[in-house]
Structures are given as C-alpha cells and as structure tokens.
Number of protein chains: 2
Amino acid sequence: MKSLFQIKTSTDSSEESRIHEDILGVDRPLQIYLEHLAPQEDAIVSLKARGEIEIYSPTHQRIETPAFVPLKQLPSITLVARTFSDRLNDRSLEIAFQDETGYPLSQVQLKFTCLQVCLDVDADRDGVVDRNNPHKSSWKWGREGHGAILIVNTDRDSVHSENQYDEGERLRGLLDLQDSSFMIVRRAGLEELPLGCELYLSVSQETAQRICIYDELENGGNELINPNKTKAKIKQTDRDILLAVKGLSYPDIDFDGLVEITLSLVKDRETIYSDRVIFRVAPWMMTPNTLSPFMVFVSRLSQGDNETFIEDLRKVAAQANVQLDPVPYEYHKDDPWMRDEIEIGYTQAPGKFIHVVLDSPRDRGLDHLTNRQLISSSFGYVIRKSRHSATKLDSFGNLEVSPPVTVNGVNYPFGRIIFGGTRPEIIQEPRRKLKVLRDFFFAQKIQAPFEIFSDWLSVGHIDEFMNFVPAPTAKGFKLILASPDRCYQLLQQLQKAGHSQALLRQGKQLYQKPADISVAEVLANPELASHNQRFQEYINWNRETLKQELGLGEEDIIDLPALFDNDDGRAEAFFPNMVNLLVLNQHLAIPKPFGPQIHQQCQFEAYVEGVLGPLGLVCHFIDDWDPYFRKGGEIHCGTNTSRQPPTQKWWEIEPMFFS
Amino acid sequence: MKSLFQIKTSTDSSEESRIHEDILGVDRPLQIYLEHLAPQEDAIVSLKARGEIEIYSPTHQRIETPAFVPLKQLPSITLVARTFSDRLNDRSLEIAFQDETGYPLSQVQLKFTCLQVCLDVDADRDGVVDRNNPHKSSWKWGREGHGAILIVNTDRDSVHSENQYDEGERLRGLLDLQDSSFMIVRRAGLEELPLGCELYLSVSQETAQRICIYDELENGGNELINPNKTKAKIKQTDRDILLAVKGLSYPDIDFDGLVEITLSLVKDRETIYSDRVIFRVAPWMMTPNTLSPFMVFVSRLSQGDNETFIEDLRKVAAQANVQLDPVPYEYHKDDPWMRDEIEIGYTQAPGKFIHVVLDSPRDRGLDHLTNRQLISSSFGYVIRKSRHSATKLDSFGNLEVSPPVTVNGVNYPFGRIIFGGTRPEIIQEPRRKLKVLRDFFFAQKIQAPFEIFSDWLSVGHIDEFMNFVPAPTAKGFKLILASPDRCYQLLQQLQKAGHSQALLRQGKQLYQKPADISVAEVLANPELASHNQRFQEYINWNRETLKQELGLGEEDIIDLPALFDNDDGRAEAFFPNMVNLLVLNQHLAIPKPFGPQIHQQCQFEAYVEGVLGPLGLVCHFIDDWDPYFRKGGEIHCGTNTSRQPPTQKWWEIEPMFFS
C-alpha cells in the first residue's frame, strides 16, 4: 500500500507548503499517518473531504467528514477512491490540527486526481477481450476455469537453435493477427494523463524470451516487447489501445508456458498503480489414428517408382472420403519417408486453431516439405535442434499418440504420446531419442508421454511393431502388434495341412535375387526362429508396458503375423510388415504381405481380415514391395496425415496427472 | 448435373477427334449418353477406366471395368471422381463400340483432370473456419444449430440515407479485421488450374448491397465484392486464399439478414463446379436495466450547472461499483439529454462482440458525442434516417427493453423492445416514432418489439411513466409505473393526519417564481385532479398492454407517486418524476421529489423506500431540479449506460415467436 509519508518533510510554514497534490489510483488505498503530520501528540484532528473519496480508520471504520477526532484515537487514516477523475484535483481532503482549546495549530490540504488504467485480456475464454475480469491475473484449468491463452504463431519456433529471434520481426500483415491474442489498455476520464505520469508495459527477462507484444496495429504493428526489450512506454492517448500478443515458443523444459504482463502507471519513478495479466501458451498436441483425416500426404517419387502405389492408395482414400495429396519432387528429392520428417500436430486457443508441423532433426530430402503450403494458409512450424546428431530413433515413425484412455482412474482425453527408446542392459551401442525432443514432448503436459523399446529394430521405429485401429468397443480402439509367434503358428498349421511348399514372397525380388521361400524352408531355419523368439520377447516387453501405461487388457490387443530378419542383431521385416498400416476412418491401407497362398488366397491376408473385419474395418492390401518394403519401410512410413482435432478443448480438462 | 453431349458433335474420323479432354469436379457426377456416341443402336459397348473414377449405370449400379455391355442395356453412364488430380488428365475412360461379330466400329477416349475447390466458413460457430462443413450452405437456429455469422462493423451503417456506400472503402488497418468474419478458398492438387479454368466469387445484387469481401489481406485488403460489384475473379494461386467479410447493414424491412456467397470454377464460360456458403448478419440488440453497467455517461454542462449533480451521482456510482464518465462540452454543446440522442446496444458473433450505438434522428447537441471514443476502441455505429422530420417520440427516452420474460409459454431470453406511440382516437396532432426506426427494431427479430402509448405526454417518452428495477423474484424484476392515483392517496392521508399545510416543491423555483405549494392547495385544484385522472387512464391503458405483452401480473408492478401538469392537453411532471430513475445494480439514482415533509422526512421518498427497500434496492434521492427537472426531464433522461451483455448468445435460441 502506498503511503503519504513525504508530506511530513515539508516543514516550512508558507501557505503553498500546506497544499499537496497527488495522484490516487482507483481502488488503490492510500495511507496517511496523521501522527507524522501533527504538530503535537495531544492534538485534535479535523478532517474535511470533497468529492467521491472514502476514509477509513486503522480499525477499518468508515469515517464521514467533517469529523473531529483526538489524534490518539486516529493516528492514521486510509483513503480510497472508487471512481476516476474527469478533471484534475477533483477530490480533496483538508486535515487541520488544533489543541484542546480549539486553537488552530496547523493544517494540510491534499488534492487528488484519481486515475484508472486497465489491462484487459480474454480471461473467460470466449474469444473476446473482457472488461477488467477479476480473474485476469491468474490461470485455472477446467470448464469452470479461467485465464487467457496464447498460441505460438511464429513461422519458426527454434528456441534451442542458434538465431533464436530475428530482431524487429514485424507482423506478417493482417494474416498474422488472426493467430495473435489481444490485450486492451483501457483508460477513461482525463483526456491527458497529469504532468509527469507515464504508462509502462513490462515483463520479466524470462517472459520476454517467449512473446512479442505489438502496438500501432493499424500501421502494421510495432514491437513494444520482444526478447530484447522487457519494458516499453505506452503512447499517450485518451483512447483504448489494442495490443497484439504473439507467442514465440512452446512450453519446454525451461518454460512452463505461463507469461505475466504488467501495466504500470508511473509518476516521478514511483509506481502509482499497476495491473497484471497472465497468459498460458497453448501446448503443441498430436492427433491419434482414430480421428478422421483431412488429407493424406505421400511423396510422388521420380521415374514413376510409386505411381501404381499412389493410384492404389488413392482408391482407398476415395472410399474413406479422404483426399490424397501426392507431393512433387522438389519438396522431397525422392525421400519416400513422409512419416519420418514431420509430425502434423496442432495448437489451439479460444477461437483459434492451427495445424503445427513439428520438424524432425532427421533433415533428409523431405526437409524441403515445409517450404510448401502444407496443411492450410496458416500452419505453424516448430523444431528442436541439438548439439548431438540425430539417429533413426529421432524420426517420427518412432512417435505415436494413443487414442483417449483412462488409466487407473486417471483420464487422458487427448491420449498419451508414445515414442521408442532403448534398453541399455540388452542393446549394444544403444540409441535414444534426442533429449531436446523428449523434453519438448513432456513439457506439453496434456498428452503425458511415455517411452517404450524400439532400439531392437535396425530402423528403430515403434510403427514397425505397433499401431492403433478404431474399434466399436467401450475403449474405441484396439492396439495391434506385430507377432512372430502368430506367424510361426500359421506356418506350422499350413505345414500340417500339407501346404509346406506354398511360397512366401512369391515372384518378388530382394537384393537382385528372387525372394521366394517356402513355408517348409522358413520353418526349417533354426537361426531365423531363434532371432524371432528374441524379437518376440522385446515385443512382449513393450506389450506389458503399453498395457500398463494405457490401461489395456489382453482383449484390447490384436496380434498380426510378422517375421523379422536379423540385421547385425537388430530386426528388419522379413516380408511386408502389415502392422505398419495407414488408418483412414474405417479403411485400412495395409502392406501386401505376399504370404503363402491357398486357392489364390494369401493366408496372411485371410488371417488379418479374419481378425480386423469383425471390427467393421475394411482391409485394403496394397503392394508396397518395390517403392517401400525393399527400402526398409512400409505404407505408414511412406505416408502422413492431417486429422480433424478432437472437439474437446485442452483448457477444459483438469490434468490431474500433471507431475 | 453436367452432361457430355458435345462429344457427339465431333464427327470427323481423325485419331485426335476421338480423344476428348475434360475437367471433372470432385464429387460432381458427369453423365455420358452412350447412345449419342454409338455408331449404331445394336452396338456392344466396351468400357476401360484408368485412375480413381467411379462408373454407374442408369439404375445406379456400380460398373467395374473393363466391361462389355450391349448398348441397349447401357444407354448412358454416370462418372464420379472422389479425389482431385495432382497431374493433368490422370483419369481416363475408353469407350469403344463393336458389332455383334466383335468388329470394332468406333471409339472415344475421354481424359479427365479432377479439380476440387472449396469455400469454407465457420459454420459450427466456434470462431474457427471449418473444412468443408456439410452445413455451410444453410442456417439453423439453436444450440444444435449451424451456420456462419457476420457482424456489421462499418463505422456508419446508414443504408437508408443518401450516400449509402463509399466507393473503395479499405479495411481500417488491422483493427477492422478483428470484427470481420473470414472465408477460405481452399485448393489442392495441381499447382496451377488447367488452361482456361478460372475461379469466381459471386453474390446476388441484393447481397452485394449488404457486404464487402476483401482479399490480399496481407496488403491492407482489396475489395473483391462490394455494393457495386457482384462478381470477382479469384487470383490464380496454389495456396489457400483467406478472405475477410464485412457486414455493411443490419437486418431491416428489406433485408432478412441472410447473405449467400458462391464460389464457381468456370471453364469456357461453363460452370464446372461451384460451392456455396451462407452467413446471417447479427442483429443489433439492447441491454435491459437488470444487466450490470460498465459505465454511466452524463453531459458535464458549462457554468457548472450540474456539477453538484455529477458529484452526487458519482457517489452512487462508486457504491454500485460502476464508473461515471462526465462528457466534456465539445461533445454535447450543453445538450443535457444523454438518453435521447443515442441507444447503446451491441452486436455479437462467435468470438466477436462490439457495443453498437444507434444514433437517434433527433440530432441535437449530443449528436457530436459519436465523434468521441465512447465505449471502447472499437464500437459500431448505426443510424436510420427519414424523409420525414423527427418528433420528440424519436428520442430514445422513448425506447426501452424489458428484462427476459416468458409470455404464454413463449420465451424471450433477451427481453422485448418497447417504444412509445400514439392513440389517434384520443390524441389531436398525433405523433409516432418514425417508420424507419420501427422497421429497424422489428427487423432485428430477437427482442420482439411492441409499441405502447406515450403521445399523451408533451415530451412523449415512455421513461416518463415506466421503468424496470431488479427484484429477487422468479421473474427477476418489477415494472414500476408513475401513479397520480397513488400520489393523491398519499396527499389525502397527509391531509387527514393534519398535515395539509406541508409543502411540495419547498424552496424551489419554477418559471422564476417560488414553486412551493401546500398539500391542501394541490388537493383543492379540481382542474389538476381531472387532468391527472385522464393521465392515470392512459397509464392504466399502458399497464394492461405491458401486462399482456410481458406476461406480468399485478404482483409484478409497483406504483410510484407522481403528478402531472397539463401542457396544452398533454402531460408534464408537476414535481420531479421518480419513475425516471437510473438503475445501477442494486442502487437506484432517483430524482429528489421535494414532497411534503414530516419531521424532516419527505413523505414521497419514505413511500418509495418503503416499497423498493424490501427488494434489496438502495434508494439514492438526487436533486436534479435545476439542471434537469426544470428543463423537462430527470436523471434517466440525463444519463446513459453501457452494460454487460447477457452470457447467452442470440444464435443459441430458437425464436419460436418469429412471424
């Protein structure tokens, strides 16, 4: 609370010295120590107020004036004004002292000008800036919660890279404003602030790294606050001032997402009045398979390498009522792994939504993709860079998000992020996702990430052994897992049934050699068997982890036959790996496995249709052998999708699972 | 449905003539009359398709190709493509004819390029532009409803005045965009449209009068559609194009508020593909007394004429936690009637809200008010002008809105607009609100207006005899009415109790003469009595109308003592008219009536406190005699308020009461 001690210092007795002008902030109490003003301890105080001003005793009694009180009973008073002045010095308080005999000893006349400035935001989350919302300076989760929200809409949020901020970055015209949040500096009353009064906007050093604030929006915007500027003077005007706020970086290990902005009314370096607002920067989020897709992206490789594949996939897309967008050469330079270079997530605030591409540090041919208008006119971009070089585990085939789950009573309405890591006790030369990526995922909070084990695969992506498909169950989905065991079972059954000469990979080439191999030959290979037994154990380990972290039971899991070859101790698919499928609503684009045929019917396909068909899923087996399988991936690796976000908003949940 | 009849016309037999290239709209069926293409009736048709294309028979059977069918069985086919092309002519259909012997007769090869263009709006009302929302081309009321919404954010919506539209009005910088709605023209696939293809945006002549559409937002905006331009070409680009849409006029007698916008893909003057969206222009709405106020406006008259009044009012505002904004001379030129020149309403859309000032055709000193930043940085303005000159009934003291009511089961969650008119059978030289105003009110629909009788008053404003105050009842409010009868009752009681010499209007001046008059003198005036009896009948007539139209009972009405003088047959207040009070939350600023006093207690004030106090209302009687009463008005006439809008949104209701 401000105090008016300085009056005491004026001791000469000229008339002027007894008149003191001051600024009073609306609703900001001012304490006056009468005992310091009084000429003698046993004086009688007389108070006379003019204008809308409230006076309280130290015991918070309201004092109506004129009043006469012994100083001892009233050593100090507190003044509060509830309304602003439309004229200078329109409130006054006359403090006079006299002795018991009523002889006047001294007097002071205080004149006040009452000012109100207000910093407003959309604290009630309806997309409209409020008027002095009482909750504007705090942030609360949930439907009944409050607190303003900011989205990051810089083209490049690369906080961890070198040039983390381009000086003087202007708003990119009107478009940029669409994704900005707004603040309003409201003033009323006096058309001009009293002499010596100034308004300042300020943030902490840390906050300045995270946001840009612009004024002069009508002229294209001018930076008030940026990473190099923590404090700015607000231009003198009697009008409301509309400010745009732009987030520069997503929450991360060194940033919890909350930013605080203060508006101060300052006179002679003393803060008379200040108002505070808080924003939370919206997290980056991922969309699970079970959400319906807008668009499927695929590289259109040169020499028509995947032309047939694209046409096959297009027909599946057509049935699923999804569009297919084959990306021209210039954006991929024949890099077929559309899944690995980017993850198409999103970020949102009340009335704002943009897709946001997380760019993998993988940086191969598809790194050019983000030069293209990818998802829509405005989409965000974020990247995390590291001093350490990326491994295959940093590709986003090694990143998934589960559909919504409830685990031991804890609800994850936006699912949980899953990525693959290592098990040093098992793996030599272990690989793990870069820390900058792991930190980023965890910092987004909402999709509570966890790590599983993918380093046993030579490519090291979780989409080589797991995937999610929609299902008409209470949970709404099934986890599908690659299963060598299931594959061996099927092959043994075929052998028993006298089909041991049926061929896998029939008529296909591998390393310039025919890839045909009979059921008998596969079963007669003890090395292959022991390796697959080992790989099955790794998958089982993940199975248990996934059951635990996603609250799944065996009934929620489906095994698809798969076989892995040994590649210096790590695994790579022996035939096209069906689990690496693409989910488009009820339609599944599945790598054609080229399994043993009986009556022209591939037995692997038959099995998969047998287990997935009953879920209302339509299986489309597409030949991806040459363009993808032979290069070490499948359909899921070779495609990417932008999906409809969930209708629920992240700020409406109460993330009880937060650490 | 488009048809491919023109092929028939190419009759020469050169190879080229049999190859036909065409554009196909995604999901837009194309019918081909084989019978017109066939060389002979008994031919056999052979069909061979390439690429994602569906073929149907006249009986809607799906036809897989290659197919061989007698022409008789297949006189025509229908083609549909579900996905767009990323390369020219990537779909084809070969139609060959042969005779029964299999001898080839003729053939045509059709090559198709499939295009999809999409015009998107925020049809689900979440403030974000959707992607091809299936409901975007229709509009439905209610929580479960759909349809995009537009607000009018021109500075001056004066459709009915002369210069109704300023050519080439640019967007006023970024600020204007805040209140604009958006559309997105989405394209995908081919980076360039095929030769000869163009995109057009178009609206009807009528719609063009109501909106402006802008492109090139990043460069300050360029007008595509405006009142002088119903059709515009969309610039060639592979990017999404963001368009801003701005409403130019509110619904009115000649405009139901719905605007339809069409995007067409045209080749060689033929429309190949078109997409349609609908917006509803948000209505202008009023805020009832029961909503809590942001700000009270009052003219600060020169020579300090109302300085004391302002200070008294400020103290009431302070207690009600409301701010008071005394407006300087330049904006009112000593026009004290703040209520009469403007009505501060609002308009809103998802994520958008602005206060909107309706400017009365009254046009006295306060007409300058709208040059001032009145409510906030962005507030709208609307005026309705007429060839006929305005009367006192066109002032907005003669305009009110009720709190929410339910009448015979019909719910009016935003209350009903009420304005005063005449009763020709009773009144000579009858006056009525201008038709342009009445039409405007009715056209806004939501607040279902009705007209009552105010022409019996010389000033002719309903706020001279009626008002609403909040009340802790089921309805949430009480209607208060001026009552001569109640006044006479009180005076007679006083006379009985021997106070016949008590003075009304004590110590006050009227027409440069002392205004003092005793209870006895008032009661002894038969003329005054008979006039007030007549005025009471008019009030009673309104009482019944209000009960009917607002679904009120006697228990919802409170009578306040009032007395009227005769002014050429019409009424004017005899002493300050208490019903003309200002409601600030639970606090009432009431004109001090200067009624007869007993023990220094004004008996009129005592009565009013007696009936309003129990409702939790705090009565503040303010002396408005000199600055307002003597000039023919009171506190309500001399003030205006901006109020918090209701939380409910107008588009969420289903207005069953619409005519």
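The values are calculated or read from the model by the stated rules, or taken from the named source; none is laboratory data. It should be emphasised that the depicted structure is a prediction, and the values quoted were computed from it without experimental measurement. In this analysis, Cβ positions are derived from the backbone assuming ideal geometry, glycine residues included, and neighbour counts consider all displayed protein chains. For accessibility, only protein heavy atoms count, side chains too; no ligands or nucleic acids. Shrake-Rupley method; radii C 1.70, N 1.55, O 1.52, S 1.80 Å.
I want to confirm something. Restricting to segment B:209-222 and keeping residues that are open to solvent by 10 Å² or more (accessible area, probe 1.4 Å) and modelled with pLDDT under 85, which single residue is nearest to the other protein chains (Cβ to nearest Cβ)?
By that ranking, first place goes to B:Glu218.
Assigned to a helix (DSSP H, G or I) and in contact with a Leu (Cβ under 7 Å, 6 or more places away or on another chain), is that true of B:Gln489? Give the derivation first.
Numbers: assigned to a helix (DSSP H, G or I): yes; in contact with a Leu (Cβ under 7 Å, 6 or more places away or on another chain): no.
It is false that B:Gln489 is assigned to a helix (DSSP H, G or I) and in contact with a Leu (Cβ under 7 Å, 6 or more places away or on another chain).
Inspect all residues belonging to segment B:341-353 and state whether any of them is over 22 Å from A:Leu190 (Cα atoms), surrounded by fewer than 20 Cβ atoms within 10 Å (Cβ to Cβ) and of a type in the set (S, T, N, Q).
Scanning segment B:341-353 turns up no residue that is over 22 Å from A:Leu190 (Cα atoms), surrounded by fewer than 20 Cβ atoms within 10 Å (Cβ to Cβ) and of a type in the set (S, T, N, Q).
Only one of B:Ile225, B:Ile261, B:Ile234, B:Ile253 is within 14 Å of chain A (Cβ to nearest Cβ) and modelled with pLDDT of 90 or more; which?
Numbers: B:Ile225 fails: within 14 Å of chain A (Cβ to nearest Cβ); B:Ile261 fails: within 14 Å of chain A (Cβ to nearest Cβ); B:Ile253 fails: within 14 Å of chain A (Cβ to nearest Cβ).
Criteria check complete, one pass: B:Ile234.
Just to be sure, is A:Gln107 open to solvent by 10 Å² or more (accessible area, probe 1.4 Å) and assigned to a strand (DSSP E or B)? It would help to see each step written out before you state the result.
On the way: open to solvent by 10 Å² or more (accessible area, probe 1.4 Å): yes; assigned to a strand (DSSP E or B): yes.
When the stated conditions are applied, A:Gln107 passes them.
For segment A:492-528, name all the residues that are part of a strand (DSSP E or B) and more than 25 Å from A:Asn540 (Cβ to Cβ). It would help to see each step written out before you state the result.
Restricting attention to segment A:492-528, the residues satisfying the condition of being part of a strand (DSSP E or B) are A:503-504, A:509-510, A:513-514, A:517-518.
A:Leu503, A:Gln509, A:Leu510, A:Lys513, A:Pro514, A:Ile517, A:Ser518 - these are the residues of segment A:492-528 that are part of a strand (DSSP E or B) and more than 25 Å from A:Asn540 (Cβ to Cβ).
Say whether the condition of being open to solvent by less than 40 Å² (accessible area, probe 1.4 Å), assigned by the TED database to the domain that holds A:Gly127 and in contact (Cβ under 8 Å) with a residue 60 or more places away in the chain is met by at least one residue in segment A:267-274. Write out each step before concluding.
Filtering segment A:267-274 down to residues open to solvent by less than 40 Å² (accessible area, probe 1.4 Å) leaves A:272-273.
Those still in the list that are assigned by the TED database to the domain that holds A:Gly127 too: A:272-273.
Remaining after also requiring in contact (Cβ under 8 Å) with a residue 60 or more places away in the chain: A:272-273.
Yes, segment A:267-274 has at least one match.
Show the residue pairs meeting these rules: Cβ distance below 6 Å; 6+ apart or different chains; first residue within segment A:413-436 and in the same structural domain as A:Val401 (by the TED database); second residue in a loop (DSSP other than H, G, I, E, B) and β-branched (Val, Ile, Thr).
So the pair list comes out as A:Pro413/A:Ile653; A:Phe414/A:Ile446; A:Pro430/A:Thr422; A:Arg431/A:Thr391; A:Arg431/A:Thr422; A:Arg432/A:Thr422.
What are the pairs, 6+ residues apart or on separate chains, where a residue within segment B:379-400 that is within 19 Å of B:Trp337 (Cα to Cα) has its Cβ under 7 Å from a residue that is open to solvent by 10 Å² or more (accessible area, probe 1.4 Å) and part of a strand (DSSP E or B)?
Note: pairs meeting the criteria are B:Phe396/B:Glu343; B:Leu399/B:Glu343.
What are the residue pairs meeting all of these: first residue in segment A:329-358, first residue farther than 21 Å from A:Leu301 by Cβ and away from chain B (no Cβ under 14 Å), second residue basic (Lys, Arg) and crowded, with 24+ Cβ neighbours inside 10 Å, Cβ atoms under 7 Å, and 6 or more apart or on different chains?
none
Suppose the filter is under 30 Å from B:Phe440 (Cα atoms) and modelled with pLDDT of 95 or more; does B:Gly247 pass it? Talk me through it step by step, then tell me what you get.
Details: under 30 Å from B:Phe440 (Cα atoms): yes; modelled with pLDDT of 95 or more: no.
No.
Looking for whichever is in a helix (DSSP H, G or I), under 36 Å from the mean Cα position of the chain (by Cα) and not hydrophobic (A, V, I, L, M, F, W, C) here; the options are A:Arg543, A:Arg534. Which one fits?
On the way: A:Arg534 fails: under 36 Å from the mean Cα position of the chain (by Cα).
Testing whether each residue is in a helix (DSSP H, G or I), under 36 Å from the mean Cα position of the chain (by Cα) and not hydrophobic (A, V, I, L, M, F, W, C) leaves just A:Arg543.
Return yes when A:Arg82 is assigned by the TED database to the domain that holds A:Ile241, open to solvent by 20 Å² or more (accessible area, probe 1.4 Å) and in contact (Cβ under 8 Å) with a residue 24 or more places away in the chain and no when it is not.
Numbers: assigned by the TED database to the domain that holds A:Ile241: no; open to solvent by 20 Å² or more (accessible area, probe 1.4 Å): yes; in contact (Cβ under 8 Å) with a residue 24 or more places away in the chain: yes.
Spelling it out, it is not the case that A:Arg82 is assigned by the TED database to the domain that holds A:Ile241, open to solvent by 20 Å² or more (accessible area, probe 1.4 Å) and in contact (Cβ under 8 Å) with a residue 24 or more places away in the chain.
What number of residues within segment B:137-153 are open to solvent by less than 10 Å² (accessible area, probe 1.4 Å) and either more than 14 Å from chain A (Cβ to nearest Cβ) or at pLDDT below 85 (or both)?
Residues that pass the stated criteria total 5.
If you go through segment B:243-256 one residue at a time, do you hit one that is open to solvent by less than 10 Å² (accessible area, probe 1.4 Å), polar (S, T, N, Q) and touching a residue at least 40 places away in the same chain (Cβ under 8 Å)?
The answer is yes, given that some residue of segment B:243-256 is open to solvent by less than 10 Å² (accessible area, probe 1.4 Å), polar (S, T, N, Q) and touching a residue at least 40 places away in the same chain (Cβ under 8 Å).
Among the residues of segment A:195-203, are any more than 12 Å from chain B (Cβ to nearest Cβ) and either farther than 24 Å from A:Thr271 by Cβ or aromatic (Phe, Trp, Tyr) (or both)? Spell out the reasoning first.
Looking only at segment A:195-203, we keep the residues that are more than 12 Å from chain B (Cβ to nearest Cβ), and these are A:195-203.
When the remaining residues are screened for being either farther than 24 Å from A:Thr271 by Cβ or aromatic (Phe, Trp, Tyr) (or both), the result is A:200.
Checking segment A:195-203: at least one residue is more than 12 Å from chain B (Cβ to nearest Cβ) and either farther than 24 Å from A:Thr271 by Cβ or aromatic (Phe, Trp, Tyr) (or both).
Would you check if A:Val121 is within 25 Å of A:Val266 (Cα to Cα), in contact with a helix residue (DSSP H, G or I) (Cβ under 7 Å, 6 or more places away or on another chain) and either of a type outside the set (D, E, K, R) or open to solvent by less than 30 Å² (accessible area, probe 1.4 Å) (or both)? Reasoning before the result, please.
Details: within 25 Å of A:Val266 (Cα to Cα): yes; in contact with a helix residue (DSSP H, G or I) (Cβ under 7 Å, 6 or more places away or on another chain): no; either of a type outside the set (D, E, K, R) or open to solvent by less than 30 Å² (accessible area, probe 1.4 Å) (or both): yes.
It is false that A:Val121 is within 25 Å of A:Val266 (Cα to Cα), in contact with a helix residue (DSSP H, G or I) (Cβ under 7 Å, 6 or more places away or on another chain) and either of a type outside the set (D, E, K, R) or open to solvent by less than 30 Å² (accessible area, probe 1.4 Å) (or both).
Looking only at residues in segment A:464-486 that are polar (S, T, N, Q) and part of a strand (DSSP E or B), which one is farthest from A:His599 (Cα to Cα)?
The initial filter retains those residues of segment A:464-486 that are polar (S, T, N, Q), namely A:467, A:473, A:483.
From what's left, part of a strand (DSSP E or B): A:467, A:483.
On the way: A:Asn467: 30, A:Ser483: 25 Å.
Filtering first and then ranking leaves A:Asn467.
Can you name the residue in segment B:22-73 that is in contact with a strand residue (DSSP E or B) (Cβ under 6 Å, 6 or more places away or on another chain) and of a type in the set (Phe, Trp, Tyr) and, of all such residues, is farthest from the other protein chains (Cβ to nearest Cβ)?
My answer is B:Phe68.
Among the residues of segment B:284-328, what is the count of those that are closer than 25 Å to A:Arg50 by Cβ, open to solvent by less than 20 Å² (accessible area, probe 1.4 Å), assigned to a loop (DSSP other than H, G, I, E, B) and away from every other protein chain (no Cβ under 11 Å)?
The number of residues fulfilling the criteria is 2.
Give me the residue from segment B:251-265 that is assigned to a strand (DSSP E or B) and of a type in the set (Val, Ile, Thr) and, out of that set, farthest from B:Thr347 (Cα to Cα). Give the steps one after another, and end with the answer.
Kept after step one, since they are assigned to a strand (DSSP E or B), are these residues of segment B:251-265: B:252, B:255, B:258-265.
In the following step, the residues that additionally are of a type in the set (Val, Ile, Thr) were identified as B:259, B:261-262.
Numbers: B:Val259: 17, B:Ile261: 22, B:Thr262: 26 Å.
Here the residue is B:Thr262.
Restricting to segment B:390-438, name every residue that is part of a strand (DSSP E or B) and within 18 Å of B:Phe465 (Cβ to Cβ). Show your work before the answer.
Step one: filter segment B:390-438 for residues part of a strand (DSSP E or B), giving B:399-401, B:405-407, B:410-412, B:417-421.
Scanning segment B:390-438 gives B:Leu399, B:Glu400, B:Val401, B:Ile417, B:Ile418, B:Phe419, B:Gly420, B:Gly421.
Sort out for me the strands (runs of 3 or more DSSP E) sitting completely within segment B:549-659 that have 1 or more residues that are polar (S, T, N, Q) and open to solvent by 50 Å² or more (accessible area, probe 1.4 Å).
B:564-567
Could you list all residues from segment B:96-141 that are touching a Lys or Arg at 6+ places or on another chain (Cβ under 9 Å), of a type in the set (Lys, Arg) and either in the same structural domain as B:Ile241 (by the TED database) or under 30 Å from B:Ile446 (Cβ atoms) (or both)?
Result: B:Arg125, B:Arg131, B:Lys136.
Are any of the residues in segment A:343-359 in a helix (DSSP H, G or I) and either within 27 Å of A:Lys392 (Cβ to Cβ) or in the same structural domain as A:Ala471 (by the TED database) (or both)?
Let us first name the residues in segment A:343-359 that are in a helix (DSSP H, G or I), namely none.
No, segment A:343-359 has no match at all.
Going through A:Asp325, A:Asp363 one at a time, which residue ends up being farther than 21 Å from A:Asp463 by Cα, without any contact (Cβ under 8 Å) to a residue 40 or more places away in the chain and under 27 Å from the mean Cα position of the chain (by Cα)? Write out each step before concluding.
Values: A:Asp363 fails: farther than 21 Å from A:Asp463 by Cα.
After applying the criteria, what remains is A:Asp325.
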